[in-house]
Amino acid sequence: MNSGGGEDVEHFRSRARVWIEKNLPAADDPAEVDDTELQNVIFDAGFAGIAYPVQYGGAGLTFEHQRGFFDEAKGRRVPMGFGVSIGMLGPTLLDFGSEALKASHLPRILRGDELWIQLLSEPTGGSDMAGALTRLTRDGDTYVLNGSKMWSTGALYSDFGMCLARTNWDVPKHRGLSMVAVPLRGTHGVTIDAIRSVTGVLGDFCVEFFDDVTLPAGNLIGAENEGWTVAQRLLLHERNAGNGLEHGIGLFGVTGEAPGVTVDDIAEGVRRRGLSADPALSQRVVEAYIEATVSHHAGERVMTGLRTGALTGQWASLLKLHLGVNSNRAAKAALATWAAEGVIWDGDEKTTGRAGEMFLRSRGFSIAGGTNEIQRNIVAERLMGLPREPSFDLDIPFSEVLRKRKNF
Ligand SMILES: Cc1cc2nc3c(=O)[nH]c(=O)nc-3n(C[C@H](O)[C@H](O)[C@H](O)COP(=O)(O)OP(=O)(O)OC[C@H]3O[C@@H](n4cnc5c(N)ncnc54)[C@H](O)[C@@H]3O)c2cc1C
């Protein structure tokens with residue numbers, strides 16, 4: 001089958017298979033592998049950014065080719081740390097970045113030489129992203145950034161952040177925002193502080209402070225005051241990629257299983273404890289299997305619908321909602337079947353206590369990329385056509401919002 005990317009998908013797959021066999025170590029190979037070096041190798045062979053245009057370092061093929069590559073790479077070591085940059089931020093740059101930004105950053109992103117993150121949430125709140133208070137002020141050929149962002153995953157070890165900031169305070173909140181690329185390493189006026197997460201890890205999340213950070217005007221992504229459109233597209237890419245769709249195919253694990261806990265993990269707990277005949281525990285295993293199967297098929301259906309044009313819009317929110325609900329449910333099932341063994345976690349990912357860790361981490365899946373409540377709003381309003389939730393601040397200048405909020 002040729003799906004429009006030039007090379008026949010089957011031909012591409014067999015070419016990829018030969019290359020993968022020679023170049024990607026087995027997933028359980030105990031030898032230390034540097035993920036950046038491995039990504040460099042994948043890029044140099046033309047298998048990074050499979051659906052990115054050739055002029056930006058991609059292979060110029062389709063998502064079907066990308067899926068083919070990662071199907072062939074099952075059981076092999078594939079670098080997983082570049083999913084946010086390649087699956088979410090890169091596609092946003094492709095959609096809205098200037099030619100100069102795309103040409104200089106996309107090849108580096110695909111090669112694994114540059115990591116990008118998103119700077120959207122603020123200490124004052126993340127759900128109301130359009131209420132951002134971080135300020136971006138034009139000054140000749142530059143912009144000056146002041147304010148703070150929070151919960152930014154990976155800020156400590158990333159190179160650039162895509163930052164949503166307010167450029168106009170005198171128009172309604174969605175119309176005065178702009179998106180800008182902020183270099184994070186050693187930039188004068190940028191302070192990055194690590195946050196300790198509920199699992200005890202320090203630095204997965206960060207809070208950043210921007211004090212008179214000077215940025216070239218060319219760092220703007222999209223037009224000034226049209227940052228909301230860029231942010232919406234970024235979130236769409238995030239929900240697609242996070243569900244293993246589009247540019248995220250293969251970079252975020254297999255669609256269907258809740259991250260961190262597989263149906264096999266849950267069943268293994270029952271087997272090890274010799275409780276396969278316990279009807280309550282068997283039911284947990286069967287429920288987890290059904291959830292994973294439904295999620296897998298829903299993902300396939302959305303992916304196919306988006307590809308063929310039968311579906312348009314925010315369908316990934318439906319999948320994200322399932323992920324947010326099901327990851328916690330699967331972690332609870334694992335806790336139930338592994339019992340005490342499931343909560344004694346010593347930090348080793350391979351030990352059984354992973355269920356306990358996943359129980360804590362799963363809360364994050366119901367929050368990151370928009371909470372379950374926000375996904376429900378999107379599904380209700382944009383997919384089901386239900387009325388918008390009431391709001392007082394859509395049509396008034398943002399500078400008046402805080403004053404009027406107390407009367408709402
Ligand atoms: C694992 C993880 C990774 C993250 N990574 C990033 C990142 O890289 N970059 C980044 O910018 N942010 C990141 N975030 C932050 C995340 O986007 C925000 O936490 C999220 O948008 C919610 O914002 P908040 O925590 O400020 O909660 P709030 O917005 O204050 O919401 C509090 C509660 O109110 C509910 N609520 C709010 N508004 C409504 C409404 N209109 N209707 C119904 N209920 C509502 C919410 O659902 C929530 O339960 C990450 C978060 C997590 C957990």
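Derivation of every value follows stated rules applied to the coordinates shown; laboratory data play no part. It should be emphasised that the depicted structure is a prediction, and the values quoted were computed from it without experimental measurement. Cβ coordinates were reconstructed from backbone atoms using ideal geometry, including for glycine residues, and neighbour counts include every protein chain displayed.
Could you please report the charge total around residue 321, scoring K, R as +1 and D, E as -1 over all other residues with beta-carbon less than 12 angstrom from its beta-carbon?
Within the 12 Å Cβ shell, the charges total +2.
For region 9-111, averaging the sequence separation of C-alpha pairs within contact (under 8 Å, six or more residues apart) and dividing by the residue count gives a relative contact order of 35 percent. Out of the trypsin sites (Lys or Arg not before Pro) in region 133-206, which ones are loop residues according to DSSP with at most 12 other C-beta atoms within 10 Å? Those satisfying the criteria are 185. Residue farthest toward the positive end of the dipole of region 9-111, with Cβ of Lys/Arg at +1 and Asp/Glu at -1: which of 80, 103, 26? Final value for the positive-end residue is 103. Lysine pairs in the chain whose alpha-carbon atoms fall under 30 angstrom of each other, counting only those eight or more residues apart or on distinct chains, come to 18. Helical content of the chain, expressed as a calculated mean residue ellipticity at 222 nm, amounts to -12500 deg cm²/dmol (DSSP H runs of 4 or more residues, -39,500 (n - 2.57) each, divided by residue number, nearest 500).
If we count other beta carbons within 10 Å of each Cβ, what is the order of 343, 180, 198, fewest first?
Numbers: 343 14, 180 27, 198 10.
In order of increasing Cβ crowding within 10 Å: 198, 343, 180.
Over all other residues within a Cβ to Cβ distance under 12 Å of residue 220, the charged ones net out to -2, with Lys and Arg as +1 and Asp and Glu as -1. Please sort through the DSSP H helices of the chain and keep those with an alpha-carbon extent of at least 15 Å along the long axis and a Kyte-Doolittle average not below 0.0. Membrane-span-like by this criterion, though nothing is claimed about a membrane: 316-338.
Here the residues 367, 109, ranked from fewest to most Cβ neighbours within 10 Å of their Cβ, fall in the order 367, 109. Each residue in 252, 398 was given a count of other beta-carbon atoms within 10 angstrom of its own, and listing them fewest first yields 252, 398.
Under a Cβ-only charge scheme (Lys and Arg +1, Asp and Glu -1), can you give me the dipole magnitude of region 9-111 about the Cα centre, in debye to the nearest 20? Intermediate results must be reported in sequence, preceding the final value.
Values: 11 positive and 14 negative charges, 47 e Å.
The dipole magnitude comes to about 220 debye.
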